[in-house]
Amino acid sequence: MRCESVILAAGQGTRMRSSLPKVLHPLLGRPMLAWAVAACREATGRAPLVVVGAQAGQIRDAFADQAEFVVQAEPLGTGHALLQAWQALKGRAELILVMSADMPLLRVETLRSLIELQAATGGPLALLSHAGETSRGFGRVVRSASGRIERVVEEAHATPAERAILEYNASVYCFRGDWLWVHLAELPISPKGEYYLTDLVEAAARQGGEVAGLQVVDSDELIGVNTLAHLAEAEAAMRRRVNQKWMLAGVSMADPATTYIGPEVEIGPDTTLLPNTHLWGTTVVGRHSTIGPNAIVRDSRVGDHCRIVASVVEGSVVEQGSDVGPFSHLRPGAHLMQGVHVGNFGEVKNSTLGPGTKMGHFSYLGDATIGEGVNIGAGTITCNFGRDGTKHRTEIGDEAFIGSDSLLVAPVRVGKGATTGAGSVVTKDVPDESLAVGMPARVIRKLKGRA
């Protein structure tokens, strides 16, 4: 059966106390709504329809190519919000899956199971529920003595006996489409002047139709986000889920509670993540590497047998056998080839360091191409920003030796096997196999044995 999905995202999110729309708050580096969109798309095979409210513009802009949108102009409850989808979805599918954007931990497998349950039973609707000691403010699922679902009562309107019920309605439904659109338009208005989806449960049961229920075992799936405290709770739960996946795939974590891995990250087996490691964006880490402690790697590629200690790596490539840190910064465009060493307090930006090159400490390389086996002395700086406001490049040939505190004023080339003396200010090219010293540096001789 064809199934379409609707995500309710029209809530104003006033309890977030934030100017950012609630569903755009990040969860593990991804907007909260993105989790619901991805789950619905995977569960149904189609882009979801998102019902938005007063902050429609910002949400549309963020998800323009990922979902369809309809607007609920007035906040008249969940039933009214779903009714806004009628024109877009009528006749398009036999089944309609409905969930809220503020429940980002719902698994694809759970949504698929709910769809399959509804398809198998053929009744008016199926709903998700959860049994436990903590209600999280959910309504109670009221069943008959035979176990048949009769209605849902909201916690605020429940009697003491109903509050004692330990099965909770998660407000996630799969409806038979032809039944839904007819009865949605007939929902009664509540004393608060709103229309509630929960009233459809009682309407279906009263007509003799079967309301199927699927109980969710993992309560984390049903964490709803209404405050920033809830968001932190959801973030912790999502982090546990992601970390568990990688540990089962062979990644070691010294302290999973302080290990942060984004949803798009890839990690090879036998890699170790030490405390306070952050891997974000499209980062890929190879096998047998060690990241951390206190490392941040974002949108970067790290090869096998690498080590990154207490450093920041952004938009960079670190090839096999290289090590970085502690306290170094690889900025976008940095490329460390095999076996490169960048020691403490080094910074590399938009530069390539050839195989085996060593940059021990307290140096800056920007807009540079460094050859193989080069030694970069402490305090070396490429002065790449010109008076004309443009960046210029520095080139250093294979096996060159750059003395401590050398300043390389780009555009400039230090040749293969050349050496700069400590404290040199290099403003002109240094030929291959030559020694340059001074301020400004001048070539004083060819190096012995290098003719």
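The values are calculated or read from the model by the stated rules, or taken from the named source; none is laboratory data. Bear in mind that the values here come from a model prediction, so they are computed numbers and not experimental data. Glycine gets a Cβ as well: all are built from the backbone with ideal geometry, and neighbour counts include every protein chain shown.
For segment 58-105, a residue qualifies if it is farther than 14 Å from residue 195 by Cα and part of a helix (DSSP H, G or I), and the qualifying residues are 58, 59, 60, 61, 62, 86, 87, 88, 89.
So, residue 390, is that one over 23 Å from residue 318 (Cα atoms) and either under 37 Å from the mean Cα position of the chain (by Cα) or not assigned by TED's automatic domain parsing to the domain that holds residue 322 (or both) or not? It is true that residue 390 is over 23 Å from residue 318 (Cα atoms) and either under 37 Å from the mean Cα position of the chain (by Cα) or not assigned by TED's automatic domain parsing to the domain that holds residue 322 (or both).
Quickly run through segment 393-451 and pick out the residues that are of a type in the set (D, E, K, R) and over 42 Å from the mean Cα position of the chain (by Cα). Correct list: 416, 428, 429, 432, 433, 442, 445, 446, 448, 450. Taking segment 96-111 as the region of interest, how many residues are surrounded by 15 or more Cβ atoms within 10 Å (Cβ to Cβ) and either in contact with a Gly (Cβ under 6 Å, 6 or more places away or on another chain) or more than 24 Å from residue 150 (Cα to Cα) (or both)? Number of matching residues: 8. Scanning segment 215-230 for residues that are outside any loop (DSSP other than H, G, I, E, B) and either surrounded by 20 or more Cβ atoms within 10 Å (Cβ to Cβ) or of a type in the set (Ser, Thr, Tyr) (or both) yields 219, 221, 222. A single entry from 37, 71, 50, 6 fulfils the requirement of being touching a helix residue (DSSP H, G or I) at 6+ places or on another chain (Cβ under 8 Å) and within 26 Å of residue 232 (Cβ to Cβ): 50. Restricting segment 333-352 to residues that are touching a His at 6+ places or on another chain (Cβ under 7 Å) and part of a strand (DSSP E or B) leaves a set whose member that is nearest to residue 416 (Cα to Cα) is 352. For segment 341-385, filtering for residues that are under 16 Å from residue 317 (Cβ atoms) and hydrophobic (A, V, I, L, M, F, W, C) leaves 7. Being of a type in the set (A, V, I, L, M, F, W, C), touching a residue at least 40 places away in the same chain (Cβ under 8 Å) and under 23 Å from residue 118 (Cα atoms) holds for only one residue in 37, 51, and it is 51. Of the candidates 241, 287, the single residue that is in a helix (DSSP H, G or I) and either in contact with a helix residue (DSSP H, G or I) (Cβ under 8 Å, 6 or more places away or on another chain) or at pLDDT 95 or above (or both) is 241. The set of residues in segment 117-153 that are part of a loop (DSSP other than H, G, I, E, B) and either hydrophobic (A, V, I, L, M, F, W, C) or not assigned by TED's automatic domain parsing to the domain that holds residue 174 (or both) comprises 138, 145. For the structure I just gave you, tell me whether residue 405 is closer than 21 Å to residue 348 by Cα, in the same structural domain as residue 362 (by TED's automatic domain parsing), touching a residue at least 40 places away in the same chain (Cβ under 8 Å) and surrounded by 16 or more Cβ atoms within 10 Å (Cβ to Cβ). Taking the combined requirement at face value, the residue does not satisfy it. Residues in segment 174-185: is at least one at negative phi, part of a strand (DSSP E or B), in contact with a helix residue (DSSP H, G or I) (Cβ under 9 Å, 6 or more places away or on another chain) and hydrophobic (A, V, I, L, M, F, W, C)? For segment 174-185, residues at negative phi, part of a strand (DSSP E or B), in contact with a helix residue (DSSP H, G or I) (Cβ under 9 Å, 6 or more places away or on another chain) and hydrophobic (A, V, I, L, M, F, W, C): present. The residue pairs whose first member lies in segment 410-431 and is closer than 19 Å to residue 363 by Cβ, whose second member is among the β-branched types (Val, Ile, Thr) and part of a loop (DSSP other than H, G, I, E, B), and whose beta carbons are closer than 7 Å, counting only pairs six or more residues apart or on different chains, are 412/427. When you look at residue 251, is it free of Cβ contacts under 8 Å to residues at least 24 places away in the same chain and surrounded by 14 or more Cβ atoms within 10 Å (Cβ to Cβ), yes or no? Spelling it out, residue 251 is indeed free of Cβ contacts under 8 Å to residues at least 24 places away in the same chain and surrounded by 14 or more Cβ atoms within 10 Å (Cβ to Cβ). From the list 114, 166, 105, the one residue that fits, being of a type in the set (A, V, I, L, M) and closer than 24 Å to residue 83 by Cα, is 114.
Considering 281, 333, the condition of being surrounded by fewer than 19 Cβ atoms within 10 Å (Cβ to Cβ) and closer than 22 Å to residue 371 by Cα is satisfied by 333 alone.
Being among the hydroxyl-bearing types (Ser, Thr, Tyr), under 26 Å from residue 286 (Cα atoms) and either touching a Lys or Arg at 6+ places or on another chain (Cβ under 9 Å) or surrounded by fewer than 18 Cβ atoms within 10 Å (Cβ to Cβ) (or both) holds for only one residue in 382, 369, and it is 369. Taking (1) surrounded by fewer than 18 Cβ atoms within 10 Å (Cβ to Cβ); (2) out of contact with any Gly (no Cβ under 9 Å at 6 or more places or on another chain); (3) free of Cβ contacts under 8 Å to residues at least 40 places away in the same chain; (4) within 18 Å of residue 234 (Cα to Cα) in turn, residue 17 satisfies each apart from (3).
List the number of the failed condition for residue 361; all other conditions in (1) modelled with pLDDT under 95; (2) within 18 Å of residue 303 (Cα to Cα) hold. It is condition (2) that residue 361 fails.
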